[in-house]
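So the structure is just underneath, and the comments pick up after that.
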Amino acid sequence: MHDTLAETIRVEGTRILATLIRTVGDVQLAEDAVQEAALAALGAWPVTGVPPEPRAWLTVTARRKAIDIVRRERARPGKERAGLELMEIGRSDGIVPDSVVRDDLLRLIFTCCHPALSPPTRVALALRTLCGLSPAQIGGVLLTTEVATNKRLTRARQKIAAARIPYRLPADDELPARLPAVCSVIHSLYTSGHAPMEGETAYDVDLCAEAVRLAELLHELLPDQPMPSAVLALLLLTEARRPARLDEDGHVVTLDQQDRSRWDKQAIDRGIAMLNDSLLRSGRQADAYQLQAAIAAEHARVPSYSATDWWEIVRLYELLVSIAPSTSAHLAYAVATAEADGTASGLAMLDELPPSPRWHAVRAELLARDHRYAEAAEELTRALAGPATDPERAHRERRRQVFLDLAG
Amino acid sequence: MAQYLALTYTADVDWWAPEQASELAEYRQFALDHAGSVKASAVLHPTPTATVVRVEGARGGKVVTTDGPYAETKEALTGYYLIEAEDLEAAIAVAAQIPAAWNGAVEVRPVILAR
């Protein structure tokens with residue numbers, strides 16, 4: 001009961017915040033007011049039951065709280081006008097039309113993910129204002145402290161106010177320039193949840209679920225834009241395979257060994273449909289999200305590892321590294337090449353890439369295929385010297401033992 | 001309306017040198033094109049002409065001056081424009097037209113206006 005209640009407050013809180021920021025013109029004031037309204041709801045609803053219009057209840061309460069805060073701070077210059085406007089707003093019934101909520105949410109998204117803010121700041125702001133996470137939770141996600149997160153959020157709000165980062169909807173012709181910053185926030189959120197650099201994997205917060213939630217929201221708000229649907233497709237297709245990534249004992253299961261019956265078939269179908277729709281809308285050249293989603297779709301659509309069309313995957317990676325080169329894409333490209341064209345080709349590609357723990361782990365697997373077990377074990381020793389999540393580390397240790405045994 | 005100081009960071013050039021004439025003309029053209037929003041502007045002599053002033057201790061302390069910048073840098077402060085704009089996006093749109101934006105970088109800082 002308490003969880004669904006908290007979830008309702010969190011989801012509605014974001015919508016209310018979006019509207020309140022526009023009406024009061026102050027991110028901090030709006031956040032404080034929504035926070036106080038959420039606390040009031042958490043106190044009242046378990047007793048009174050959830051009101052028939054929870055959003056209206058929260059809206060009216062948040063506005064009252066905003067007025068209270070303004071009154072308390074009346075002494076501060078420049079706040080009088082906001083206070084007067086609030087008096088007017090406070091009289092309405094709290095029902096905000098859906099179309100207004102939609103536009104306010106988009107305003108909030110585009111302000112939080114404004115290119116004038118640094119990428120980690122955008123992520124922190126999105127988690128705070130769009131996902132309603134606490135600074136302590138955000139600190140956990142960004143591998144930093146609550147104090148540091150609060151400092152970052154405060155600086156961001158100050159910059160939004162002082163530099164006048166506008167709280168407005170980008171025009172249609174501005175969207176191509178503005179959407180990449182928004183999509184990269186969602187994608188990097190998902191990536192840090194799906195493939196964290198290190199840690200026990202267990203977060204307080206399911207970051208993947210938060211990222212999917214944001215991707216769903218952005219797609220729902222901008223259904224005609226190909227980039228948000230590509231991001232959602234990519235997340236759905238990746239998320240669909242998550243249940244098979246660990247076995248019952250929490251051990252890492254690599255793609256070739258995964259029990260494909262544990263994949264979420266519904267999510268795969270929806271992801272593929274979403275990708276096709278996105279490709280249809282973009283018409284021209286595929287973007288990085290579409291290519292990554294297409295690669296995920298290639299894996300998701302075949303019944304077994306041996307049925308994988310590796311040449312198609314190689315082709316997609318070739319396109320991906322040409323438009324969005326990254327070390328992880330290059331590594332995956334090398335793996336796909338080894339599958340399609342033989343181990344020697346894969347190893348040759350690896351030689352061109354900078355070593356990293358993952359690079360060593362990939363090289364180990366390729367060497368082992370050529371029965372070079374001693375070298376493979378050595379590569380894993382090097383991989384184990386670097387950072388990795390605990391399950392990944394355990395997996396590498398097990399593989400290393402296998403290769404040592406085979407090396408005799 | 002808000003005001004922004006657009007600080008240009010480029011190669012540490014001597015604007016008076018004949019070879020800078022055509023580039024300087026581009027900056028002048030920018031200021032003419034955006035006369036409506038450019039409230040003030042200046043180009044600066046190169047950093048070797050700079051003097052750093054400090055007062056030891058507190059007000060009234062000994063005035064200590066040092067010559068020039070501390071170290072050679074690739075990009076130096078070479079000028080500024082005071083831009084008036086509706087919001088940051090409008091300011092960025094104007095700043096992106098300053099030649100320094102492609103010859104170096106432009107730092108856009110909001111100005112605190114007296115209430």
Task: The listed residue being under 21 Å from A:VAL253 (Cβ atoms) and surrounded by fewer than 18 Cβ atoms within 10 Å (Cβ to Cβ), out of A:ASP405, A:ASP370, A:ASP341 - done: A:ASP405
Task: Residue identified as assigned to a helix (DSSP H, G or I), under 29 Å from A:ARG157 (Cα atoms) and within 14 Å of chain A (Cβ to nearest Cβ) among B:ALA114, B:ALA101, B:ALA6, B:ALA93 - done: B:ALA93
- [ ] Go through (1) under 30 Å from the mean Cα position of the chain (by Cα); (2) modelled with pLDDT of 95 or more one by one and return the number of the condition A:THR343 breaks.
- [x] (1)
Task: In segment A:113-136, the residues that are out of contact with any Asp or Glu (no Cβ under 8 Å at 6 or more places or on another chain), in contact (Cβ under 8 Å) with a residue 60 or more places away in the chain and of a type outside the set (Val, Ile, Thr) - done: A:CYS113, A:HIS114, A:PRO115, A:PRO119, A:ARG122, A:ALA126, A:LEU130, A:GLY132
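Output the number of residues of segment B:38-61 satisfying the condition of being assigned to a loop (DSSP other than H, G, I, E, B) and under 16 Å from the mean Cα position of the chain (by Cα).
Counting residues in segment B:38-61 that are assigned to a loop (DSSP other than H, G, I, E, B) and under 16 Å from the mean Cα position of the chain (by Cα) gives 4.
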TODO: Tell me which of these A:THR149 doesn't satisfy, since it passes every other one: (1) away from chain B (no Cβ under 14 Å); (2) at pLDDT below 90; (3) in a helix (DSSP H, G or I); (4) more than 20 Å from A:GLY271 (Cβ to Cβ).
DONE: (2)
TODO: State whether the residues of segment B:27-34 include one that is touching a residue at least 24 places away in the same chain (Cβ under 8 Å), of a type in the set (Phe, Trp, Tyr) and assigned to a strand (DSSP E or B).
DONE: no
Task: Elements of type helices (runs of 4 or more DSSP H) contained in segment A:1-100, each with 1 or more residues being at pLDDT below 90, under 23 Å from A:THR111 (Cβ atoms) and touching a Phe, Trp or Tyr at 6+ places or on another chain (Cβ under 7 Å) - done: A:2-24
- [ ] Working only within segment A:246-261, note down all residues that are modelled with pLDDT of 90 or more and in a loop (DSSP other than H, G, I, E, B).
- [x] A:VAL253, A:THR254, A:GLN258, A:ASP259
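Yes/no per residue for (1) within 22 Å of A:ARG102 (Cβ to Cβ); (2) outside any helix (DSSP H, G or I); (3) over 20 Å from the mean Cα position of the chain (by Cα):
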{"position": "A:ARG155", "(1), (2), (3)": "no, no, yes"}
{"position": "A:LYS159", "(1), (2), (3)": "no, no, yes"}
{"position": "A:CYS208", "(1), (2), (3)": "no, no, no"}
{"position": "A:ASP224", "(1), (2), (3)": "yes, yes, yes"}
{"position": "A:LEU232", "(1), (2), (3)": "yes, no, no"}
Open item on the list: Which residue is nearest to A:VAL24 (Cα to Cα), if the candidates are limited to segment A:52-73 and must be in contact with an Asp or Glu (Cβ under 7 Å, 6 or more places away or on another chain) and not aliphatic (A, V, I, L, M)?
Closed with: A:LYS65
Open item on the list: Scan segment A:160-180 and tell me whether some residue there is more than 10 Å from chain B (Cβ to nearest Cβ) and buried (at least 19 other Cβ atoms within 10 Å of the Cβ).
Closed with: yes
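Filter segment B:1-27 down to the residues that are charged (D, E, K, R) and surrounded by 12 or more Cβ atoms within 10 Å (Cβ to Cβ) and list them by number.
B:ASP12, B:ASP14, B:GLU23, B:GLU26
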- [ ] Please specify each residue of segment B:66-90 satisfying the condition of being within 14 Å of chain A (Cβ to nearest Cβ) and surrounded by 14 or more Cβ atoms within 10 Å (Cβ to Cβ).
- [x] B:ILE83, B:GLU84, B:ALA85, B:ASP87, B:LEU88, B:GLU89, B:ALA90
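The values are calculated or read from the model by the stated rules, or taken from the named source; none is laboratory data. The structure displayed is predicted, hence computed values, not measured ones. For neighbour counting, all protein chains shown are included, and Cβ atoms are generated from backbone atoms with ideal geometry for every residue, glycine included.
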